[in-house]
Amino acid sequence: MSRFRPPVRAKGGGFIIDLGVDESMLIRRLTGELRSLLTDPDPDPGAQSLLARLFPVVHPDDEEMEAEYQRLMRDELVQSKLSTFDIVEETLSGDGRVDEGRLLAVMQSINSIRLVLGTMLGVNDDPDADEVTPGMEESAEYHLYSYMSWLLEWCVRALTGT
């Protein structure tokens with residue numbers, strides 16, 4: 001019987017992201033799909049709604065200020081996310097060794113995927129809401145959301161040494 005090996009762990013002053021080939025390919029595919037959504041010059045309303053949680057509202061009480069903020073910051077936020085996707089691609093195509101900064105970038109990418117999946121599932125930020133609706137647990141999106149949450153938890157454990 002083999003011993004459980006965490007998918008993300010601290011090692012030698014850095015971190016190791018140790019995923020199977022299938023899991024690495026899945027995450028790379030999901031970041032690629034998210035990259036396509038983010039760089040689509042003319043996204044349909046459905047795609048825009050999926051991405052909404054990636055660009056939180058900063059000025060909820062002032063539509064004009066919010067529009068100005070999004071106009072000024074959106075490209076920078078998109079570029080930041082695309083840079084984290086590049087780091088994921090490099091990391092999962094390589095030996096999985098990362099420093100803290102690169103692990104944080106991987107975590108940001110995983111969380112971006114989780115946010116989009118959560119939007120698809122109707123998961124919200126209300127801690128009192130019963131977020132699992134009948135039938136949800138059988139959906140592929142729910143399984144991906146759960147896996148990304150689990151992987152993100154292991155990233156946090158590696159960073160905090162727990």
* To do: Provide the per-residue ³J(HN,Hα) series for the range 53-68, in order, calculated from phi with Karplus coefficients 6.51, -1.76, 1.60 and θ = phi - 60°, each as a whole number of Hz, with x at glycine and proline positions.
  => 6, 6, 10, x, 6, 9, 10, x, 9, 9, 4, 5, 5, 5, 4, 5
* To do: Provide the per-residue ³J(HN,Hα) series for the range 98-115, in order, calculated from phi with Karplus coefficients 6.51, -1.76, 1.60 and θ = phi - 60°, each as a whole number of Hz, with x at glycine and proline positions.
  => 9, 8, 4, x, 6, 5, 4, 5, 4, 4, 4, 5, 4, 5, 4, 4, 4, 5
* Asked: What number, rounded to the nearest 500 deg cm²/dmol, is the helix-based mean residue ellipticity at 222 nm of the chain, given -39500 (n - 2.57) per DSSP H run of at least four residues and division by all its residues?
  -> -21000 deg cm²/dmol
* Using label points projected 7 Å from each Cα along Cα→Cβ, tell me how many nm separate Phe4 and Arg53, to one decimal. => 2.5 nm
* Structure fact -> Amide H proximity to Val8 below 5 Å, modelled H, separation 5+ or other chain, gives Asp18
* Let me know the shape class of the range 23-162, please: from the alpha-carbon gyration tensor, a ≥ b ≥ c as square roots of the eigenvalues, rounded when a/c is under 1.5, otherwise prolate if a/b is greater than b/c, or oblate. => oblate
* **Label-reachable residues, the range 25-40, where backbone N falls under 17 Å from a point 7 Å from Gln79's Cα toward its Cβ** => 38-40
* Asked: Angle, helix 140-160 long axis vs. longest principal axis of the chain, Cα atoms, 0 to 90°, nearest 10?
  -> 60 degrees
* Asked: If you find the alpha carbon centre of the range 90-117 and of the range 1-70, how far apart are they in angstrom?
  -> 9 Å
* To do: With everything on Cα atoms, drop me the angle between helix 21-39 and the longest principal axis of the chain, reported from 0 to 90° to the nearest 10.
  => 20 degrees
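Read-outs throughout are calculated quantities, based only on the coordinates presented, and are distinct from any laboratory measurement. On a predicted model such as this, the values are computed, not experimentally measured, just so you know. Cβ sites come from the backbone with ideal geometry, for glycine too, and all protein chains shown count toward neighbours.
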